[in-house]
Amino acid sequence: MIGVSSSMQEVFQLIRKISTTEYPVLITGASGTGKELVAHAIHDLSPRAKNPLVIVNCGAIPENLIESELFGHERGAFTGAVKRKPGRFELAHGGTIFLDEIGDLAQEVQVQLLQFLEEKKIRRLGGTKPIPTNVRVITATNTNLEQAVRDGRFREDLFYRLNVLHLRVPPLRERRGDVELLARYFFNKFAAEVKTVAKGFSRDALEVINRY
């Protein structure tokens, strides 16, 4: 993660503090601000770093599959379930699971996530035996979850369970001093890949970038 602005220095400081705990973390911020990078940093600095970091985009998985993807299923649980399959929570055992776009999670799966946070156990779809699972939960959203709670689209009790620690990633317009730094970083990165003869940015170009 790259940044010298005061707002990003606060983010870095929070990451270091949060990484030493085991509490759930809710990361908020607009699309493209780097929420997944924050989740990676928290995991990489934590005592769980040697164990898996499993990333799930809740908005990219169809509602009829999300329960099975997260919690797994037993053989015969539904048509096409020809064998037992562990879910993402089981795959993350000992490590961290990052649930991106948590605001898109279906209501019935919200209940199961709440149960996991309370019991630290999961149940595979079609199964009855609870399975102890040691996983730290990090979630992220670019939507207003408090408004989703008021609208009845997101469970209030789950919101408070997930929002134990909160980290907001600032948009670029709040990161004074980082725009030019990031521009130069990406220029050098891509210039090395395409072997351009361009040497950098003109003064006028930097002024435009910084004003944008």
## Note on the structure
Per the helix-only model, the chain has a calculated mean residue ellipticity at 222 nm (DSSP H runs of ≥4, -39500 (n - 2.57) each, divided over all residues, rounded to the nearest 500) of -12000 deg cm²/dmol
## Note on the structure
Expressed in nanometres to one decimal, the distance between label points 7 Å along Cα→Cβ at GLU156 and VAL4 is 4.7 nm
### Query
At what distance in nm do the modelled label points of PHE12 and ALA198 sit from each other, each positioned 7 Å from its Cα along Cα→Cβ?
2.7 nm
### Query
What shape does the range 57-113 have by the C-alpha gyration tensor, where a ≥ b ≥ c are the square roots of the eigenvalues, rounded means a/c under 1.5, and otherwise prolate means a/b greater than b/c and oblate the rest?
oblate
### Query
Probe 1.4 Å, all protein chains in place: accessible area of HIS40 in Å², nearest 10?
60 Å²
### Query
Using a Förster distance of 22 Å, how high is the FRET efficiency between LEU37 and GLU180, based on the Cβ-Cβ distance and rounded to 0.05?
0.65
### Query
By how many degrees, between 0 and 90 and to the nearest 10, does the Cα long axis of helix 107-119 differ from the longest principal axis of the chain?
80 degrees
### Phi to ³J(HN,Hα) by Karplus 6.51 cos²θ - 1.76 cosθ + 1.60 over the range 44-55, Hz, x for Gly, Pro
5, 8, 8, x, 8, 4, 7, 9, x, 10, 9, 10
## Note on the structure
Expected vector for the range 21-34, Karplus 3J(HN,Hα) from phi with 6.51, -1.76, 1.60 and θ = phi - 60°, integer Hz, x for Gly and Pro, equals 9, 10, 6, x, 10, 10, 9, 10, x, 5, 4, x, 7, x
## Note on the structure
With every protein chain kept in place and a 1.4 Å probe, the residues ASP151, ASP204 fall, from largest accessible area down, as ASP204, ASP151
### Task
With a point put 7 Å past each Cα toward its Cβ, work out how far ILE131 is from TYR23 in nm, to one decimal.
3.0 nm
#### Entry: ARG75, ARG175, ARG123, reordered so the largest accessible area comes first (probe 1.4 Å)
ARG75, ARG123, ARG175
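The values are calculated or read from the model by the stated rules, or taken from the named source; none is laboratory data. As the structure is a prediction and not an experimental result, all values here were calculated from the model. We place every Cβ from the backbone using ideal geometry, glycine too, and count neighbours over all the protein chains shown. Side chains included, ligands, DNA and RNA excluded: accessible areas come from the protein's heavy atoms. Shrake-Rupley method; radii C 1.70, N 1.55, O 1.52, S 1.80 Å.
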